[in-house]
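The values are calculated or read from the model by the stated rules, or taken from the named source; none is laboratory data. Model, not experiment: these values are computed from the prediction. As a convention, Cβ positions derive from the backbone with ideal geometry for all residues, glycine included, and neighbour counts pool all protein chains shown. What goes into the accessible areas is simple: the full protein's heavy atoms, side chains included, and nothing from ligands, DNA or RNA. Shrake-Rupley method; radii C 1.70, N 1.55, O 1.52, S 1.80 Å.
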Amino acid sequence: QVQPVESGGRLVQAGGSLRLSCVVPGRTFSAATMGWFRQAPGKEREFVAAISWSGDWWSRLSTYYADSVKGRFAISRTNTKNTVYLQMNSLKPEDTAVYYCAVDPAYYADYSSTSNEGVYDYWGQGTQVTISS
């Protein structure tokens, strides 16, 4: 059973920082893509960031960001390969949303794949992030 579990969402003032965590208990992935998506009230879910790594000899590691968060957010992975973090800085009211973690046990080397919801097999329940102005 692959069940991502998100945490870290809370109320923060604009300009502040927050770190979200996503862990898949009991699993490690030699190769995988773990992504963050968000859904604001009344809007469709959108891609935020993803990190993808290969399990081959080259040990490739790639990160991808939506334009709206580039330079403000950073995604990273632990060496245990079952936890990712989303460090969010310079937060804006428009970052308010439910943030979802998604996992697919495959490596992707392109933005179009990692930003596509349909690629991911497993989804967390989400964590609420609220940015006050």
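Structure above, values below:
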| read-out | value |
| --- | --- |
| Order by protection proxy (mean Cβ within 10 Å, highest first), peptides 75-87, 92-104, 50-62 | 92-104, 75-87, 50-62 |
| Accessible area of the range 77-133 belonging to carbon and sulfur atoms, whole % at 1.4 Å probe | 44 percent |
| Heavy-atom accessible surface of the range 1-64: percent carbon and sulfur, 1.4 Å | 49 percent |
| Solvent-accessible heavy-atom area per residue, rounded to whole Å², over the range 59-105 at 1.4 Å | 45 Å² |
| Environment charge of residue 122, counting only residues whose C-beta is closer than 13 Å and scoring Lys/Arg +1, Asp/Glu -1 | -3 |
